[in-house]
Amino acid sequence: MAAQTKRKTGVKPPWLVGQGWLHLDHLAVSSLPLIVVTLSLAGVAFAREGAIQAQMIIGTVEVLGPEYMRLTVTEMGPVITALMLTMRVGSGIAAEIANLTVSQATTAYQVFGGRAQRDLVIPRIWAGVVGCVLLVPIGVASFLLSGTLAVALWFDVPQEEFLFFRHLDGLDLMCAMVKAVLFGAVIPFIAARAGLAARGGSGAVGQASAKAVVHGTVAVLFIDLLVATVVAMLRDGRLG
Amino acid sequence: MVNLLNGLFIPIRWLLPAARLLRRLVGVRPDFRETIYQLEHFGYQSILIVIAAGCAVGGIVAVHAATYVANYSAGELAGWAVGYATLREVGPLLTGLLLAGRVGAMNAAELADMRVRDQIRGLEALGLDPMPIVIAPRVYAAAIAGVALFSVAAIASLVTAVLGVTTASGLKLMPFLYSLHDGTSLSYLFVGQAKAGIFALIVGLLSTHEGLQASGGSSAVGRAVNNAAVASAVGIVTANFACTWVF
Amino acid sequence: MSAPITIRNLHKGFGDLKVLQGIDLELAHQEILYVLGPSGTGKSVLSQCVLGFLAPDQGEIFLNGEPIPEVGHPDWLSWRRQTALVVQTPALLEERTVHENVALAARHALGMSTKAGDRRATELLSALNLRHMGKQRAAGLGPGIAKAVALARALAVGATTLILDEPTTGLDPIQGMVVDEAITDAVRSEGVSALVISHDLESMKKVADRAILLYAGGVRVQGTPSELMNYDDEIWQQFQAGRAEGPL
């Protein structure tokens, strides 16, 4: 079937990942500055606020370290990275594909034997998964390092007392990676589907982009909830 | 490396246009009927999706709060954790990012479409100023809708979080509600609302600016939405950072 | 009372290309004047000069007896509203209703209250036989109706002179008729004057009080439609007949 598609259209089937690499540059490499900057700012805000509250409620900031680390790795890092990617990449993919749809380029492609639904969506999902898996650790690192610096500067907590790596376990890291994979798959999928559903003119392109961002954001939040619940149940021993 | 260095200027690059547009809006009286229409469009039509997102946020807070109760036997702190996270910290940030998509992207899409199809030029050709007719109503409606929608999201988050924590951790509802009441200060609500208002204003300003910059065809509309979504998200994260020093 | 538009000895060129060479023209009160000519004869350049978007190389243009203010002049906006341009693409606010498009213009141009703006919109839509379309969204309108609504909007801002750029181009005969009737109704009921840039002879015959033909930078022929029908001029005959062979 792959050979047949290539003979008909001259285009290699996308599950060979070749095309995915093209999208990886746009998705991951170009998003790197955005992720580093926004996660760093968010990390400082979160750490500072947490430290103030810890001082007020408990009387000390040192207890914040382990939980800050766990929340960053399992929650804030992956989720904020994914939300930034939804804004940047999700809307971009939807706009790009919507443009092809409203200009009937996808129809023409299908007339010549191509399968727009598969060939436009799958490479982007590949790129999304790989990109997110690469970017989430970078986002987590930015969030952690900036928060640690903030707490060290304003609350005199040395970094070795704040960065409690030994409090992280395999389940936390698995949680982060599963989220990265799921986010990376769902963001381009939703965006591509929104783009393919566009009907009309320039207005439809805008609506598709907006829909991709909204649906992508809600999907990220619900996937986050689902994975967090499963991990909590695993930790509890209620699952497996 | 150059990209990373350029990235450091991202917040400034996005927030300066917002400040310029805000200055232009000073003294402009928005068309009342248009503002009501946009309020319904941005606010009322977003309620369901905000409730859904609020429930998701509440559920996430509940999962983590229940973990603290289990790990540290800190039942008395669960109420504080839920209140703090949903009202003051995580709730406003995640709701703001949702609004960046729901309101910001939509606003930019509509304005960009109006721009490329000369609807705004049509007003100018008749000597009508688009500022009070098209621009100001959208910015004000986005800001007002943002504050109102945060309240909706906060209620949804709180209810979900309370139900989630009491179900998952075995804490009884009434004692938990007392701990929520004792641990949560009214300032959390005010800070959350203030943050939501600031975030919503930033979303309104940046999405309006990006929408009005569109020129060309349908690809320009897509670019405007993309820029608006990214700009709004960066603006919110930056404002959240600044708010830690103010509130 | 000064004429709405007075043009004296208008010259306009772009580099070596002389487009308008000594145009003299006057649009009278409540008159519908058609400016005809094949493509490239300077019809649009003439309208751009009248609207103040292009500065003449030579000559004078007066609107209601006053020279055209420059862009940025304090009176520019109010002058802009008096001489309204209705372009080929109606550029209505598509997400609003027909009624709201017109009412909004009245509210903002003339400082009317919401109720007064609504009343004025109803009045104008009735005058142009569009009242039944009031609740329809502008996005779903046929092209002729959309142009008629654009006309109503132009009247709502207080325009006393309308400049219509190819209003019936690209429309089928029925949609074209809608526009023709809207122009006539606007002039008769609101007392405005209209300068119509066009090459639609059928529309001219139905609607115009007077018409001119531009050729080689000047006014080749002018007269009422009935006068022009039998006008013995080679250029005019070729244009009227739509023949490819000839000086045009």
Amide H proximity to C:ILE5 below 5 Å, modelled H, separation 5+ or other chain, gives C:LEU27, C:ASN64
Based on the alpha-carbon set only, what is the convex hull volume of the stretch C:1-91 divided per residue, in Å³?
124
Over the Cα atoms of the stretch A:2-235, compute the convex hull volume and normalise it per residue, giving Å³.
129
For the stretch C:109-248, with equal point scatterers placed on the C-alpha atoms only and solvent neglected, what are the log10 I(q)/I(0) values from the Debye formula at q = 0.11, 0.17, 0.21 1/Å, to two decimals?
-0.48, -0.95, -1.28
Reachable aspartates and glutamates, given that their alpha-carbon falls under 20 Å from the alpha-carbon of C:LYS205 and they are not under 8 places away in the same chain:
C:GLU26, C:GLU31, C:ASP165, C:GLU166, C:ASP172, C:ASP180, C:GLU181, C:ASP185, C:GLU227, C:ASP232, C:ASP233, C:GLU234
Could you sort out which of C:LYS43/C:LYS147; A:LYS211/C:LYS135; A:LYS211/B:LYS172 sit more than 30 Å apart by Cα distance in this structure?
A:LYS211/B:LYS172
Give me P(r) over chain B, computed from all C-alpha to C-alpha distances, binned every 5 Å, as integer percentages.
1, 7, 13, 16, 16, 14, 11, 8, 6, 4, 2, 1, 0, 0
Diagonalise the Cα gyration tensor of the protein assembly as shown and give the resulting equivalent ellipsoid semi-axes, square root of 5 times each eigenvalue, largest first, whole Å.
61, 28, 21
I'd like the mean, over residues of B:163-172, of how many other protein chain beta carbons sit within 10 Å of each residue's own Cβ.
1
Note on the stretch B:29-246: contact order normalised by length, alpha-carbon pairs under 8 Å, 6 or more apart, percent, works out to 36
Note down the relative contact order for the stretch A:189-240 as a percent, whole number, built from C-alpha pairs under 8 angstrom at least six residues apart.
29
Convex hull per residue volume in Å³, alpha carbons only, for the stretch B:170-212
83
The ³J(HN,Hα) series, computed from each phi in the stretch A:65-72 with the Karplus coefficients 6.51, -1.76 and 1.60 at θ = phi - 60°, rounded to the nearest Hz and given as x for glycine or proline, is x, x, 6, 4, 4, 5, 5, 5
Kirkwood Rh over alpha-carbon pairs of the stretch C:170-236 plugged into Stokes-Einstein at 20 °C, 1.002 mPa s gives a D in µm²/s of 163
Per-residue HN-Hα couplings for the stretch C:90-97 [Karplus 6.51, -1.76, 1.60; θ = phi - 60°; Hz; x = Gly/Pro]:
x, 6, 6, 7, 6, 7, 9, 6
Helix-only mean residue ellipticity at 222 nm for chain C, each DSSP H run of n ≥ 4 adding -39500 (n - 2.57), per residue, nearest 500:
-11500 deg cm²/dmol
Given H placed 1.01 Å from N in the peptide plane, which residues other than close sequence neighbours of C:TYR215 have an amide H under 5 Å from its amide H?
C:ARG220
I'd like the mean, over residues of A:79-89, of how many other protein chain beta carbons sit within 10 Å of each residue's own Cβ.
5
Could you check which residue among C:GLU31, C:GLU66, C:GLU166 shows the biggest mean-square fluctuation in a GNM of chain C with a 10 Å Cα cutoff?
C:GLU66
Mean residue ellipticity at 222 nm from the helices of chain B, using -39,500 (n - 2.57) per DSSP H segment of n ≥ 4 over the full residue count, to the nearest 500 deg cm²/dmol?
-26500 deg cm²/dmol
On Cα atoms only, tilt of A:91-102 relative to the major axis of chain A in degrees
10
For chain A, what is the calculated [θ] at 222 nm in deg cm²/dmol (nearest 500), taking -39500 (n - 2.57) for each run of four or more DSSP H residues and dividing by its residue count?
-25500 deg cm²/dmol
Compare A:ALA191, A:ALA45, A:ALA208 in a GNM of chain A, Cα atoms joined below 10 Å, and give the one with the largest fluctuation.
A:ALA45
Sorting C:TYR215, B:TYR68 on the 10 Å Cβ count, fewest up front, what's the list?
B:TYR68, C:TYR215
For A:VAL230 and A:TRP21 in one chain, what is 0.36 nm times their gap in residues minus the Cα-Cα distance, to one decimal in nm?
72.1 nm
Mind checking which of A:LEU153, A:LEU163, A:LEU64 has the largest fluctuation in a GNM of chain A, springs on alpha carbons under 10 Å?
A:LEU153
For chain B, the longest principal axis of the Cα atoms and the Cα long axis of helix B:90-99 enclose an angle in degrees, to the nearest 10, of 30
Provide, for q = 0.12, 0.15, 0.21 Å⁻¹, the log10 of I(q)/I(0) from a solvent-free Debye sum over equal Cα point scatterers in the stretch B:31-164.
-0.56, -0.73, -1.09
Per-selection metrics, chain C (Cα): Rg and Dmax in Å
18.2, 58
To the nearest 10 degrees, how steeply does helix C:114-127 sit against the main Cα axis of chain C, on a 0 to 90 scale?
50
Given a cut-off of under 8 Å on Cα pairs at least six residues apart, what relative contact order in percent is computed for the stretch A:2-235?
33
As a footprinting exposure proxy, order A:ARG88, B:ARG102, C:ARG153 by other Cβ within 10 Å, with the fewest listed first.
A:ARG88, B:ARG102, C:ARG153
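Laboratory data are not the source of any read-out in this text; all were calculated from the coordinates shown. Quantities reported herein were computed from a predicted structural model and do not represent experimental measurements. Cβ coordinates were reconstructed from backbone atoms using ideal geometry, including for glycine residues, and neighbour counts include every protein chain displayed.
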